[in-house]
Amino acid sequence: MTQTGRQAGPRPMLDPSTGVIPQFSLGQDQVALRDMARAFAAEVFAPHAIEWDEAKHFPVAEMRKAAALGMGGVYIAEDVGGSALSRLDAALIFEALATGCPTVAAYMSIHNMSAWMIDAYGSEAQRRQWLPRLCTMELLASYCLTEPGAGSRHHHVKVTGTGARDELLLAVEHVVVALAHRPRRQRRGVRTGARLGQAVAGQKLHGAEPR
């Protein structure tokens, strides 16, 4: 409490001026990553963010510039073109990108998450086929999740899939698909029995039209 009896406002946990030893601190490499992403966002995203929003423009060229710096496959393995960083590193990067344009930063986080599903659960052939182009953002990915009554809680997904793993027939009704008009690949979480199955990596959407 301060001398006036009012509680002091929150201080950043990593603020050294508090005189309190922080419980957690970033390493030099993490600080460098954050500062790099923040500088990129200030130079490339921020000057155009309002214009992009008003024009409903999807800045693919600018996102590919970010991907050229390793931000298209932040926690994807290096053997397929990823940066092989941690989820904490990714959080620092996307938070820094959001200082320039929150919308674009949010999409890039979704793209990374969708690519990671292939890296984690796809076959070796699928990894080699899709991930190099996803890491450069030559291909764009998204995540089909939101459903009526479920929101964005993946454990409430009601999409069902029947058939073999390499070819599932889906019964699906989505309310929102992030940037559905642009991504070439979209990932789905589906129920294949009593358990929630992982997305079929590299799945094509045949005959699907965004509404």
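The values are calculated or read from the model by the stated rules, or taken from the named source; none is laboratory data. These figures come from a predicted structure and were not determined experimentally. Every residue, glycine as well, gets a Cβ built from its backbone with ideal geometry; the counts of neighbours run over all protein chains shown.
Testing E95 on (1) over 18 Å from R38 (Cβ atoms); (2) modelled with pLDDT of 95 or more, one condition comes back false. Which one is that?
(1)
I need the full set of residues from region 65-114 which are among the charged types (D, E, K, R) and closer than 11 Å to F40 by Cα, in order please.
The answer is K65, and nothing else.
Taking region 55-73 only, how many residues are of a type in the set (A, V, I, L, M) and buried (at least 19 other Cβ atoms within 10 Å of the Cβ)?
Within region 55-73, residues that are of a type in the set (A, V, I, L, M) and buried (at least 19 other Cβ atoms within 10 Å of the Cβ) number 4.
Within region 42-61, can you find the residues that are in a helix (DSSP H, G or I) and within 16 Å of the chain's Cα centre (by Cα)?
Listed by number, the list holds a single entry, V60.
Cβ contacts < 8 Å: first residue in contact (Cβ under 8 Å) with a residue 24 or more places away in the chain, restricted to region 96-112; second residue part of a helix (DSSP H, G or I) and of a type in the set (V, I, T), any location; separation 6+ or different chain. Result?
Pairs found: L97/V104; G100/V44.
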